[in-house]
Amino acid sequence: GFYHLLWNIDYRHFNYRHQTEIVAFFNPQFINIYSESGFFGLASYVNVLFVFIFSLIGAAIWGYFDRSKREYNKLYYWVRVFARYRVAYGVIAWGYKKIFIMQMPFPNVGLLHTPFIDFFAKRLYWEQLGIAPHYEVFLGFAEFLPGILMLFRRTTTLGAALALAVVGNVALANHAYDIGEQVPAFCLALLSLFILWYDLRRIIELLVL
């Protein structure tokens, strides 16, 4: 699905929406479950399970044919680099949409006249953020800043910790309000945890021991 998206974009009219679709919002898509849980609940994570299974199979095959090698320090380094830039560009793209108030605009008159009970949960969440544009801009910088920090090696750990907190919260909010973007948020949070794991022992020594 991802490569189909890349192939079919009209690059003559490439815009910001295409960019965010590529780096921030695209889910792994092997199968689609068309149900409430498939869109908003646990069944929406089925493709993440597929990725995990394929990764285990790939690792087993690699390990079988490369049994003589005892460590993969260089490979581990480059995997972390790719993960860093993946998370960085994802949260920067998400942050831009809020910094320039594109994701949750100020409610229009029609919405303000809509009976409260007629709002979808997603719309209710978006309007309560849209009616406070300064707070929305603050949330945008809360996503934008970790991405910038992760572009530089010395600030990667701080950026990963902040990104984990922010996009982890985004994933929870998506479940609470049936927004439907919980899977990309969860994947970015998982990658942030993977990046943070490298320094976990030193973090524990600093903060706990």
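Which members of segment 66-117 meet the condition of being part of a loop (DSSP other than H, G, I, E, B) and among the aliphatic types (A, V, I, L, M)? Once the filter is applied, which keeps residues that are part of a loop (DSSP other than H, G, I, E, B) and among the aliphatic types (A, V, I, L, M), segment 66-117 yields ILE101, MET102, MET104.
Applying the criterion of being in contact (Cβ under 8 Å) with a residue 60 or more places away in the chain and open to solvent by less than 70 Å² (accessible area, probe 1.4 Å) to the residues of segment 31-50, the residue that is farthest from ALA171 (Cα to Cα) is ASN47. Every condition in (1) without any contact (Cβ under 8 Å) to a residue 60 or more places away in the chain; (2) out of contact with any His (no Cβ under 7 Å at 6 or more places or on another chain) holds for TRP94 except the one numbered (1). Counting only helices (runs of 4 or more DSSP H) that sit completely within segment 1-52, those holding 1 or more residues that are in contact with a Lys or Arg (Cβ under 8 Å, 6 or more places away or on another chain) and under 26 Å from TYR85 (Cβ atoms) correspond to 16-20.
Going through (1) in contact (Cβ under 8 Å) with a residue 12 or more places away in the chain; (2) surrounded by fewer than 12 Cβ atoms within 10 Å (Cβ to Cβ); (3) of a type in the set (Lys, Arg) one by one, ARG70 falls short only on (1).
Which one of these is of a type outside the set (Phe, Trp, Tyr), closer than 30 Å to GLN128 by Cα and open to solvent by 30 Å² or more (accessible area, probe 1.4 Å): ILE53, ILE101? Before the answer, list the steps.
Details: ILE53 fails: closer than 30 Å to GLN128 by Cα.
Sole residue among the options that is of a type outside the set (Phe, Trp, Tyr), closer than 30 Å to GLN128 by Cα and open to solvent by 30 Å² or more (accessible area, probe 1.4 Å): ILE101.
Among the conditions (1) closer than 21 Å to LEU158 by Cβ; (2) modelled with pLDDT of 95 or more, the only one that GLY90 does not satisfy is (2). Of the helices (runs of 4 or more DSSP H) lying entirely inside segment 141-209, those containing at least 2 residues that are under 16 Å from the mean Cα position of the chain (by Cα) and surrounded by fewer than 15 Cβ atoms within 10 Å (Cβ to Cβ) span 156-176.
The values are calculated or read from the model by the stated rules, or taken from the named source; none is laboratory data. What you are looking at is a predicted structure, and each value in this text was computed from that prediction instead of being measured. Note that we place each Cβ from the backbone using ideal geometry, even for glycine, and neighbour counts take in every protein chain shown. Note: accessible area is taken over every heavy atom of the protein model, side chains too, but ligands, DNA and RNA are not part of it. Shrake-Rupley method; radii C 1.70, N 1.55, O 1.52, S 1.80 Å.
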